[in-house]
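Notes to accompany the following structure.
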Amino acid sequence: ATIGMMVVHPDFQRLGIGRRLMEEILLWIDARGCPAAILEATAVGQPLYASLGFQPFDSTLRYKNTTNLVINPEDSRALEMTAEHFHNLVEFDRNMFGADRSRILMRYMQDYPHRTFISLNSGEDVIGYVICGHNQIGPWVSLDIHSARDLLDAALSLAYAEGPAVIIPAADQPGLIMLEGNGFDDTRGCTHMVRG
């Protein structure tokens, strides 16, 4: 399970509301037999999550594009996702993440039609994909740097309501260099935490 953003209004912080929300969502996750939960923690939230059994796993950075750079889609070898590739995308994702995320992938593609791109090898196997929201690029997953570049180029060929953001592992130096070369700046770091 991935736990998204949790926010408590500043006037009501330090009253235990965040803890109660997290305890309820963790009960809900546990009741469904999910073996693990992950989240991105700010420095302020990290002590709360640690007290609930989350352990630091990795550091992530949030990069945002402020240049409104648009890439010519002709420059990318990535393909727009079609229904015929969905099963292969799900298998690729399962191999990368160790879980069946087909429902969430399908939901992303329903919410953001024509904003999912895949990269294929010579054997027509999926070797990478990117899903683009209205202001967010990601998930962005690839087996090699060339595929990652093609997928980013495809993502940057789209229109966004404002400069898109990307959350990326801090250890992904090639990805960070690629983003910085395309007008993205580091705006915030977080700790990737896991429970289970």
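The values are calculated or read from the model by the stated rules, or taken from the named source; none is laboratory data. The structure displayed is predicted, hence computed values, not measured ones. A quick note on method: Cβ atoms are made from the backbone with ideal geometry, for glycine too, and the neighbour counts reach across all protein chains shown. Heads up: the accessible areas ignore ligands, DNA and RNA and are worked out on the full protein's heavy atoms, side chains in. Shrake-Rupley method; radii C 1.70, N 1.55, O 1.52, S 1.80 Å.
Observations on the model:
- Just one of (1) without any contact (Cβ under 8 Å) to a residue 40 or more places away in the chain; (2) open to solvent by 40 Å² or more (accessible area, probe 1.4 Å) fails for residue 109. It is (2).
- Residue in the stretch 4-13 that is of a type in the set (Val, Ile, Thr), assigned to a helix (DSSP H, G or I) and more than 20 Å from the chain's Cα centre (by Cα) present: no
- Residue tally, condition over 19 Å from residue 40 (Cβ atoms) and not small (Gly, Ala, Ser), over the stretch 1-16: 6
- Single residue of 117, 57 found to be assigned to a strand (DSSP E or B) and open to solvent by 80 Å² or more (accessible area, probe 1.4 Å): 57
- Checklist (1) basic (Lys, Arg); (2) buried (at least 16 other Cβ atoms within 10 Å of the Cβ); (3) more than 17 Å from the chain's Cα centre (by Cα) applied to residue 101, failing item: (3)
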